[in-house]
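Heads up, the thing below is written out as C-alpha cells.
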Amino acid sequence: MANYIPIPVFDTLKDMSELYKSAYDADEPRKHLRQWLAHCFSNSKISLPSFAAKDFQIALQFLYSYRGSEQTFNAYRRELERLIQWSWFVRETSILKLKRGDIETFVEFCIKPYKRWIGLKTVARFKKEEGLKIPNPEWRPFEASIAKKDVKAGKVPTKDDYAFSQKALKALFAIVGSFYQYLLQEEIVAANPVALIRQKSKFIQKEAKQTVIRRLSNKQWETVINLAKERAKHDISEERTVFILSLLYGMYLRISELVASERWVPTMGDFFKDNDGNWWFKTVGKGNKARQIAVSEAMLAALKHYRETYLELSPLPQPDEKTPLAGHLKNSNRSITNERPIRYLVQACFDKAVEYLQRTEPEEAESLQTATVHWLRHTGISEDVKIRPREHVRDDAGHSSSAITDRYIDVELQERAKSAKQKRMVNA
C-alpha cells in the first residue's frame, strides 16, 4: 500500500489491559478486538486485511504478559507495532507467515523506513476528541531526533536526521525474537524466523571490549550539586531539587524508581534500619526486580536534612511511613506519577551548571550540554566502583552480572589515554 500512513493499534498499558480483559470476557474475543481495529481505522480509506484480528489478538495476548512493567510493555509495544504495520501494509501478509528473509527485509526497512513513516517529535498514540479516544494523526512508528545541544542552538530535526542506532537494532532482534519464540512454544508457528538469521552481524556491529560510560566529570557533578545547594539557601523549594539529585547520584536510582506506578509507589517508609543499625532502601526497578540498596552516611545525612528542612518531619522515617519519596512541588503528600517533571528539573540544573562553567571551563560546559538524567546514575556507580567491592556496587545498582558493573571501571581507560599521549608520530 504505497501511500499508507501508519495508524496506531496499540494504546497505553492501562487501556490495552482493559481491552484484553473485556475481550476475553466476551463470547467472541476476536469479534470484540475486530471492533477495536475498526474503530482505529474508521476515518481511514484503508481496508484491514482479513487476518488482522487474529494477528492483533495474538500480539495483544503476548503484550499483556508484560503488564508488570510499563517500561517493558512500552518497549515491546513499540517493536510489535512496527512489525504489524510493516507486515500488514508493506509485506501485505500475516505476521504468522513471515519467514527468515521477511524478517531481514523488515530489519532493513527499520534502518531506512519510508519518510512518511517518520515523525519529528514524540506524540501520544491516541488523543481524546469529544470524550472518545481516536488515533493521533501525527503519530509515526519511527522518530527523527537531533542532539540536545543542537536543539538548544535553535535547530529543528528533519526526516533526513533519522537514524536507527545499534542499541535500537539489538532491541528489535531481542523483542521480535522473543515474540516468535512465544509463538513457537504456543505451537502457533513452526519456527522462529529471527533465530534462523545466522548473520545478524551484518546488521549489528561488534562492540569494542570496553565501552565509554556516559557520565559527568567530577567537576561537572560538583558544579551541579553545589549550585543547587546554593539556590536552596535562598529558596526552600530547591531543597527538594537537592534531594532528588542526591537520590539519583547517591543511590544510583533510575528516574522510573522515583515515580509511582501500578507496580510500585516509592515512599519514605522504603528506608529501613536492620538489626545491626545499618540503613537500607528498598525499591522495584527495571524488569520488575526488587532490590535493597545500602544507604551511605552521606545519603542518610541528605535524607535527614531534607525531611527536617523541607518536609518538617522527624529526621528519619518511621516504619511503613507513606510520605512520598519525592512528592509534588506544590503538595509533598502527593506521589509523582510522571517522569517528565523530574527530567525538566534535572535538565534545569544541568543548564545552570553549563552557564556557570562556560565562564571558567568551556570544555566542561560543552560536554555537559549532552548529559541526561541517567548520567547521574552512571556517575554514582563509576565513582563508587573505584572504592567499593564491585559485587557490592553490582547489587546496589541492580545489575544482573558483574560484567555490567565492570563497564564502569574506567581506570584502565584513563591509563590508556595517559600512555597514548606519549606516542610519537616521528622518531626523534
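The values are calculated or read from the model by the stated rules, or taken from the named source; none is laboratory data. Because the structure is a prediction, the values reported are computed rather than measured. All Cβ positions, even for glycine, are placed from backbone atoms using ideal geometry, and neighbour counts span all protein chains on display. Accessible surface is based on the protein model in full, side chains and every heavy atom, while ligands, DNA and RNA are left aside. Shrake-Rupley method; radii C 1.70, N 1.55, O 1.52, S 1.80 Å.
Quick notes on this structure:
- Nearest-0.05 FRET efficiency for Leu196 and Phe41, computed from C-beta distance (R0 30 Å): 0.40
- Normalised per residue, the accessible area of the range 155-266 is 53 Å², obtained with a 1.4 Å probe and no contribution from ligands, DNA or RNA.
- 1.4 Å probe accessible area per residue over the range 1-141, in Å²: 51
- Cα-based shape type of the range 9-144, given that a ≥ b ≥ c are square roots of the gyration tensor eigenvalues and the cut on a/c is 1.5: rounded
- Against the chain, whose longest principal axis is taken from its Cα atoms, helix 340-357 shows a tilt of about 50°.
- For Glu143, distant residues with modelled amide H under 5 Å away: Gly119
- Among Gly277, Leu253, His234 the positive-end extreme of the charge dipole of the range 198-310 (Cβ point charges): Leu253
- Couplings 3J(HN,Hα) for the range 292-298, derived from phi with the Karplus relation 6.51 cos²θ - 1.76 cosθ + 1.60 (θ = phi - 60°), are 10, 10, 5, 9, 6, 4, 5 Hz, where x marks Gly and Pro.
- In the range 129-209, trypsin sites (Lys or Arg not before Pro) in a DSSP loop with at most 11 other beta-carbon atoms within 10 Å: Arg198, Lys206, Lys209
- Under 5 Å from the amide H of Lys133 lies no amide H of any residue 5 or more positions distant or on a separate chain, with H modelled from the backbone and absent for Pro and chain starts.
- Calculated SAXS-style log₁₀ I(q)/I(0) at q = 0.11 Å⁻¹ - the range 139-210, Debye, Cα scatterers: -0.47
- For the range 1-84: rounded, prolate or oblate by the Cα gyration tensor [a/c cutoff 1.5]: oblate
- Placing +1 on the Cβ of every Lys and Arg and -1 on the Cβ of every Asp and Glu, with no other charges, gives the range 281-404 a dipole of roughly 560 debye about its Cα centre.
- Zone of Glu186's modelled label, taken as backbone nitrogen in the range 43-67 under 19 Å from a point 7 Å along Cα→Cβ: 50-67
- Measuring against 18 Å, Cα to Cα, the residue pairs Lys273/Lys322; Lys152/Lys219; Lys115/Lys200; Lys112/Lys202; Lys115/Lys202; Lys229/Lys386 contain Lys152/Lys219; Lys115/Lys200; Lys115/Lys202; Lys229/Lys386 as the ones spanning a longer distance.
- Projecting the Cα atoms of Phe41, Val224, Gly380 onto the charge dipole of the chain, computed from C-beta unit charges around the Cα centre, puts Phe41 farthest toward the positive end.
- Share of carbon and sulfur in the accessible heavy-atom surface of the range 37-194 [1.4 Å probe, %]: 49
- Note on Lys386 and Arg100: the extension gain reaches 98.4 nm, defined as 0.36 nm multiplied by sequence separation minus the Cα-Cα distance.
- The fraction of accessible area contributed by carbon and sulfur in the range 213-304 is 47 percent, rounded to a whole number (1.4 Å probe; ligands and nucleic acids excluded).
- Entry for percent of Cα pairs over 33 Å apart (calculated from the structure that is shown) out of (i) 25; (ii) 46; (iii) 41: (ii)
- Dipole magnitude of the chain about its Cα centre (Cβ charges: Lys, Arg +1; Asp, Glu -1), debye to nearest 20: 1380
- Positive end of the dipole of the chain (Cβ unit charges, origin at the Cα centre): among Thr12, Tyr180, Leu316, the Cα lying farthest that way belongs to Tyr180.
- The charge dipole of the range 146-248, taken about its Cα centre with unit charges on the Cβ atoms of Lys, Arg (+1), Asp and Glu (-1) only, comes to about 520 debye.
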